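A quick write-up on the structure given underneath.
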Amino acid sequence: MAFSRKVMLLAMGLFTLLSMAHVWMARGLLSVAYATLIPSTRSTSEELPLFVMSTFVDGRTYGEGVHILTSHDARAWRPLDGDPNVYPQGRAGTVVRDPSIIWHEGYFHIVYTTELCAGLETMSFSCDWKHKDLLSTPARFGYARSRDLVHWFDTRFIEVPLDGACNVWAPEWHKLTPSEVAERDGDALMVVFSSTVPPSSNTMDCPPDFGPNAGANLHRPYFMTTSDFERYSSPKLLFDMGESIIDTFLFRSGDQTYAIYKSEQNRCRMWGWSALLGERQDLDPSTSCTLALRLAVARSAFGPYTASPVRQTPIWNQVISRQCAEGPSVLQLSDESSAYTLVLYDGYRPDCPLWIDQAPPCPTMPGNVLDQKETASNSRCSYRGKFAYGAIATRNLLDWTDVSEEITGLERGGSPTNRHKHGTAIRLELDSLCSICEEAEQTNTQGLWRGSGVLEHCHACR
C-alpha cells in the first residue's frame, strides 16, 4: 500500500512537472528551466569560424551610432541585414564613436567615446573651452550591455576622474590574465583610453583644436579596471613613449602583452610623408606627421612598456602601418601554415600624400594608391593613403605585411566616403553564439542575421 502510494505521488509529480514544462514552452522559458536543471556542457573556449565587429558611422553628424558586421574569415565583412544603427546617438553623450565590444560572463559589453571635447556638446574637434563651467559634464565614456549585439540596455556613463582632462577617446576593452586579476583584487577587465591632461587642472589650458597641425601633442594612454562594470579603479597612466598616443589596443601573445597604438604626432613641418625606395627610414615627426601605428611590449598588461623590435615593415622603420592609420583591432588566427596576428585598421583620411623621389614608372606602395595627377605634375611618384579599412599581418610580431587588398565589405552603399569607421572585431565563442541564437528567436530578429551565416551554427547550442 505504501509502495502504491509512492508510485501514485511520483506519477502526480511527473504530471505536474510535464504540465509546468508545457507552460514554460509556451512562454519561451523551457530553455531557461532546462539549463537550470542540467548543467551546461558548452565549451566556452571552442573556436568557431565566426567573427563580429562593432563600428560607427558619422553619417549626418560625428558618431551617429553603432553598426554590427559579421565575417567567416575576418577579411570579407558584411553588415546585419539593412545595416541598422543598433545603438543610436543620443542614448548617452553627444556622440557615439570608437565602439569596443567584449563578451564576458553572459553578455556583450560595449564602451565608446561620448564627447570629442570633455564637457562640451560639440560636433567638431575644435573646443571652445570658455563655454565649459562647473555645470558641464565630467570627462567620461559610455557603457551598455547586450545579449545579442542588437538590443542594448543598462546604458550609463563611466566617469574618468582625471583632473583637467580635455578628452577621453576610444575606450578599449582588454581581458586580464588570472595572475593580473589577482594583482587587481579580482578586477578581470581593463579599459584603456587616451586623454590629454594639461600641466594644470585648468581646462583653459587644453588645446583649442585636436586636429592635425594644431599642436595636440599631449595624448597619453590611461587605464581603469573593473570586476562588475559598476565600480572602476582610479585612472592610471599606462605608458609614456615620449610622443602623442591614441587608440591603444592590448593583446597577449605567449607570455607577453603587446600594445598597438597610433602615434598621433601632429606638430609637423608639412602635411605629407616621404619614403625611400628599397630601404627603410625612420618616420621623422620633425619633417612630417606620423599618424601611423607602432608596437610596444611588456611582461604584464600594467607595464612597463618598451618599444617592441620590428624587422620588416610596410614602409618605415619602427612603424608597422602606412600613414593615416588608426583604430587598430587585433585578431589572432591560424591557417594551414601557422598561427598569425591580423590587425584591422581604419584608413581614416583621403588626404594623406606620400611620395618617393623617383620618376615613373612607380612601384606599388602598401595601403596607398598612385596619384596620377600629382605624379605627372611633379615628375615623381606620388600616392595617397586608401580611404578605407585596411589590415596588416604578421606571423612572428617582427615582420609585418600590409594585406589591405584582402579586406572587403566595410563600405556602405559602395561609397568610400559613406563607410564604417574605427571599431573592434572579436571571435564568437560558443556561449556568445548561443546567446545571439536564443535572443534572435525570442525577439523575432532572425531576419537581421540573414546571410551572415551566424544562425546556421545555432545547432551547436542544442
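The values are calculated or read from the model by the stated rules, or taken from the named source; none is laboratory data. What you see is a predicted model, and the numbers here were worked out from it, not measured in a lab. Glycine gets a Cβ as well: all are built from the backbone with ideal geometry, and neighbour counts include every protein chain shown.
Any residue that is closer than 14 Å to residue 329 by Cα, within 21 Å of the chain's Cα centre (by Cα) and at pLDDT 85 or above - is there at least one of those in the stretch 261-269? If you could, list the steps in order and put the result at the bottom.
Just the residues of the stretch 261-269 that are closer than 14 Å to residue 329 by Cα, to begin with: 261-262.
Subsequent filtering for residues that are within 21 Å of the chain's Cα centre (by Cα) retains 261-262.
When the remaining residues are screened for being at pLDDT 85 or above, the result is 261-262.
Looking through the stretch 261-269, at least one residue is closer than 14 Å to residue 329 by Cα, within 21 Å of the chain's Cα centre (by Cα) and at pLDDT 85 or above.
Give the residue, chosen from 234, 263, that is among the hydroxyl-bearing types (Ser, Thr, Tyr) and either touching a residue at least 60 places away in the same chain (Cβ under 8 Å) or closer than 25 Å to residue 51 by Cβ (or both).
On the way: 263 fails: either touching a residue at least 60 places away in the same chain (Cβ under 8 Å) or closer than 25 Å to residue 51 by Cβ (or both).
Exactly one of 234, 263 is among the hydroxyl-bearing types (Ser, Thr, Tyr) and either touching a residue at least 60 places away in the same chain (Cβ under 8 Å) or closer than 25 Å to residue 51 by Cβ (or both), namely 234.
Does the stretch 148-156 include one or more residues that are surrounded by fewer than 19 Cβ atoms within 10 Å (Cβ to Cβ) and either small (Gly, Ala, Ser) or under 23 Å from residue 221 (Cα atoms) (or both)?
yes
Within the stretch 231-242, which residues are more than 21 Å from the chain's Cα centre (by Cα) and loosely packed, with under 15 Cβ neighbours inside 10 Å? Walk me through how you get there before you give the answer.
Filtering the stretch 231-242 down to residues more than 21 Å from the chain's Cα centre (by Cα) leaves 231, 233-234, 240-242.
231, 234, 240, 242, listed by residue number.
Here are some conditions: (1) in contact (Cβ under 8 Å) with a residue 12 or more places away in the chain; (2) over 23 Å from residue 143 (Cβ atoms); (3) within 26 Å of the chain's Cα centre (by Cα). Residue 178 meets all but one. Which one does it not meet?
Among (1) in contact (Cβ under 8 Å) with a residue 12 or more places away in the chain; (2) over 23 Å from residue 143 (Cβ atoms); (3) within 26 Å of the chain's Cα centre (by Cα), the lone unmet condition for residue 178 is (1).
Would it be correct to say that residue 302 is more than 18 Å from the chain's Cα centre (by Cα), surrounded by 14 or more Cβ atoms within 10 Å (Cβ to Cβ) and in contact (Cβ under 8 Å) with a residue 12 or more places away in the chain? Walk me through how you get there before you give the answer.
On the way: more than 18 Å from the chain's Cα centre (by Cα): yes; surrounded by 14 or more Cβ atoms within 10 Å (Cβ to Cβ): yes; in contact (Cβ under 8 Å) with a residue 12 or more places away in the chain: yes.
The answer is yes for residue 302.
Contact list please: Cβ distance under 9 Å, first residue in the stretch 325-343 and within 21 Å of residue 173 (Cα to Cα), second residue surrounded by fewer than 16 Cβ atoms within 10 Å (Cβ to Cβ) and of a type in the set (Asp, Glu), pairs at least six apart or on different chains.
Partner pairs satisfying both residue conditions: 333/73.
Here is a check on your reading of the model: is residue 454 touching a helix residue (DSSP H, G or I) at 6+ places or on another chain (Cβ under 8 Å) and modelled with pLDDT of 95 or more? Working first, answer last.
Details: touching a helix residue (DSSP H, G or I) at 6+ places or on another chain (Cβ under 8 Å): yes; modelled with pLDDT of 95 or more: yes.
For residue 454, the condition - touching a helix residue (DSSP H, G or I) at 6+ places or on another chain (Cβ under 8 Å) and modelled with pLDDT of 95 or more - is met.
Only one residue in 452, 404 is over 15 Å from residue 322 (Cα atoms), touching a residue at least 24 places away in the same chain (Cβ under 8 Å) and of a type in the set (Ser, Thr, Tyr), so which one is that?
Within the list 452, 404, the selection yields 452.
Taking residue 315 and the conditions (1) assigned to a strand (DSSP E or B); (2) touching a Pro at 6+ places or on another chain (Cβ under 7 Å); (3) aliphatic (A, V, I, L, M), which numbered condition does it fall short on, given that it satisfies the others?
(1)
Take the stretch 332-388 and flag every residue that is among the charged types (D, E, K, R), under 29 Å from the mean Cα position of the chain (by Cα) and more than 30 Å from residue 427 (Cα to Cα).
351, 384
Please verify whether residue 196 is at pLDDT 90 or above, of a type in the set (S, T, N, Q), buried (at least 21 other Cβ atoms within 10 Å of the Cβ) and over 26 Å from residue 53 (Cβ atoms), treating the condition exactly as stated.
Working: at pLDDT 90 or above: yes; of a type in the set (S, T, N, Q): yes; buried (at least 21 other Cβ atoms within 10 Å of the Cβ): yes; over 26 Å from residue 53 (Cβ atoms): yes.
Here the answer is yes, as residue 196 does meet what is asked.
If only one of 233, 253 is of a type outside the set (Phe, Trp, Tyr) and closer than 20 Å to residue 320 by Cβ, which one is it?
253
Does residue 247 satisfy being on the phi < 0 side of the Ramachandran plot and not β-branched (Val, Ile, Thr)? Break it down into steps so the answer makes sense when it comes.
On the way: on the phi < 0 side of the Ramachandran plot: no; not β-branched (Val, Ile, Thr): yes.
Taking the combined requirement at face value, the residue does not satisfy it.
Please list, ordered by first then second residue, the pairs with beta carbon atoms under 6 Å, 6 or more apart or interchain, first in the stretch 269-280 and in contact (Cβ under 8 Å) with a residue 60 or more places away in the chain, second part of a loop (DSSP other than H, G, I, E, B).
Here the result reads 272/288; 273/288; 273/323; 275/315; 277/358, each pair linking the stretch 269-280 to a residue that is part of a loop (DSSP other than H, G, I, E, B).
If you go through the stretch 243-284, how many residues are surrounded by fewer than 19 Cβ atoms within 10 Å (Cβ to Cβ), under 25 Å from residue 166 (Cβ atoms) and not charged (D, E, K, R)?
2
Kindly indicate the residue of the stretch 404-417 that is surrounded by fewer than 17 Cβ atoms within 10 Å (Cβ to Cβ) and in contact with a strand residue (DSSP E or B) (Cβ under 8 Å, 6 or more places away or on another chain) and also modelled with the lowest pLDDT among those meeting that condition. If you could, list the steps in order and put the result at the bottom.
Going residue by residue through the stretch 404-417, those that are surrounded by fewer than 17 Cβ atoms within 10 Å (Cβ to Cβ) are 405-406, 408-409, 411, 413-417.
This time we only want the ones that are in contact with a strand residue (DSSP E or B) (Cβ under 8 Å, 6 or more places away or on another chain), so: 406, 408-409, 411.
Values: 406: 97, 408: 95, 409: 94, 411: 87.
Only one residue fits best here, namely 411.
Across the stretch 418-451, which residue is surrounded by the most Cβ atoms within 10 Å (Cβ to Cβ) among those that are in contact with a helix residue (DSSP H, G or I) (Cβ under 7 Å, 6 or more places away or on another chain) and within 30 Å of residue 58 (Cβ to Cβ)?
Going through the stretch 418-451, the residues in contact with a helix residue (DSSP H, G or I) (Cβ under 7 Å, 6 or more places away or on another chain) turn out to be 430, 433-434, 437-438, 440, 446, 449.
Filter once more, so that each one left must be within 30 Å of residue 58 (Cβ to Cβ): 440, 446, 449.
Working: 440: 20, 446: 14, 449: 22.
Once the filter is applied, the top-ranked residue is 449.
Of all residues in the stretch 159-211, count the ones that are within 23 Å of residue 251 (Cα to Cα), in a strand (DSSP E or B) and β-branched (Val, Ile, Thr).
Looking only at that region, the number is 2.
When the stretch 157-183 is examined, which residues are found to be surrounded by fewer than 19 Cβ atoms within 10 Å (Cβ to Cβ) and either in contact with a Leu (Cβ under 7 Å, 6 or more places away or on another chain) or within 16 Å of residue 104 (Cα to Cα) (or both)?
Those that are surrounded by fewer than 19 Cβ atoms within 10 Å (Cβ to Cβ) and either in contact with a Leu (Cβ under 7 Å, 6 or more places away or on another chain) or within 16 Å of residue 104 (Cα to Cα) (or both): 175, 177, 178, 181.
On the given criteria, is residue 35 more than 29 Å from residue 406 (Cα to Cα) and either modelled with pLDDT of 95 or more or of a type in the set (Gly, Ala, Ser) (or both)?
On the way: more than 29 Å from residue 406 (Cα to Cα): yes; either modelled with pLDDT of 95 or more or of a type in the set (Gly, Ala, Ser) (or both): yes.
When the stated conditions are applied, residue 35 passes them.
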